[in-house]
1. R0 = 41 Å: FRET efficiency of A:Ser5 with A:Met88, Cβ-based, nearest 0.05?
2. State the Cα centre-to-centre distance between segment A:71-106 and segment A:7-40 in whole Å.
3. Residues with beta-carbon under 12 Å from that of B:Asp94, excluding B:Asp94: net charge, scoring Lys, Arg +1 and Asp, Glu -1?
4. Quick check on the protein assembly as shown: helices-only [θ] at 222 nm, where DSSP H runs of length 4 and up contribute -39,500 (n - 2.57) each and the sum goes over total residues. Nearest 500, please.
5. Is the shape of the protein assembly as shown best called rounded, prolate or oblate, per the rule: a/c under 1.5 gives rounded, else a/b larger than b/c gives prolate, else oblate, with a ≥ b ≥ c the square roots of the Cα gyration tensor eigenvalues?
6. Given a 10 angstrom Cα cut-off, can you work out which residue in A:Asp29, A:Asp70, A:Asp55 is the most mobile in a GNM of chain A?
7. Once you order the gyration tensor axes a ≥ b ≥ c over the Cα atoms, which shape class does segment A:1-43 get: rounded for a/c under 1.5, otherwise prolate or oblate by comparing a/b with b/c?
8. So which trypsin sites (Lys or Arg not before Pro) in segment A:1-75 pass both tests, a DSSP loop state and at most 13 other Cβ atoms within 10 Å of the Cβ?
Number of protein chains: 2
Amino acid sequence: MPTISKQDKLITLINVFTVQPDQQQKVVDLLLEATEKTMKHLPGFISASIHKSVDGVRVVNYAQWRSREDFEAMRNKPEAQQHMKPLMEITTFDFHLYEVIDTVEV
Amino acid sequence: MPTISKQDKLITLINVFTVQPDQQQKVVDLLLEATEKTMKHLPGFISASIHKSVDGVRVVNYAQWRSREDFEAMRNKPEAQQHMKPLMEITTFDFHLYEVIDTVEV
């Protein structure tokens, strides 16, 4: 299971997709396909966790990469861009790279 | 460390705060204070992980609750609302509740 930790010094991609409820499952399927076929085989990929909002209007990909350089190298690959094309036709998205600052648990 | 798993059947709150870069650390501090002082003591709280975007314009709280009911009960508590007030003065935010659909790891 992916773990969240500030000690790991990973870079986290959080990509928030805004979707029509009737397209939410399609966006999930496209992201899982992109991850299984391409992302997980690229250098520096650690994990991807796909989330569906209960209200139907968002999908979030919470993904961990070893470094920013690995993430940028992925973005420049034609096969990664190919996976994004059908997503861009049915969603808008807001992605940023993050550091984990702290985690609090009971 | 918080773990991400579809088996756990937790509810995940992903709250994306849009911030001015010079307020980013302040937002992180307010969220950590709210979590330590109030959230972690409420029934059903599992974890909160605070993330800062590298570009300075986002803060994300990735939090896990036992159930949607526990999350809603928290939102109705005056002390939780009290913590949100200063955040609302310096940020806008977009929060939704999510289910984990799948995780992929190398």
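1. 0.80
2. If you average the Cα positions of each part, the centres end up 7 Å apart.
3. The answer is 0.
4. -10000 deg cm²/dmol
5. Here the protein assembly as shown falls in the prolate category.
6. Per the Cα network of chain A with a 10 Å cutoff, A:Asp55 tops the list.
7. oblate
8. When the trypsin sites (Lys or Arg not before Pro) of segment A:1-75 are filtered for loop state and at most 13 Cβ neighbours within 10 Å, A:Lys9 remain.
Bear in mind these aren't lab numbers, they're just calculated from the coordinates by the rules spelled out. Here the structure is a predicted model, which is why all the values come from computation and not from measurement. Virtual Cβ from ideal backbone geometry, glycine too; neighbours counted across all protein chains shown.
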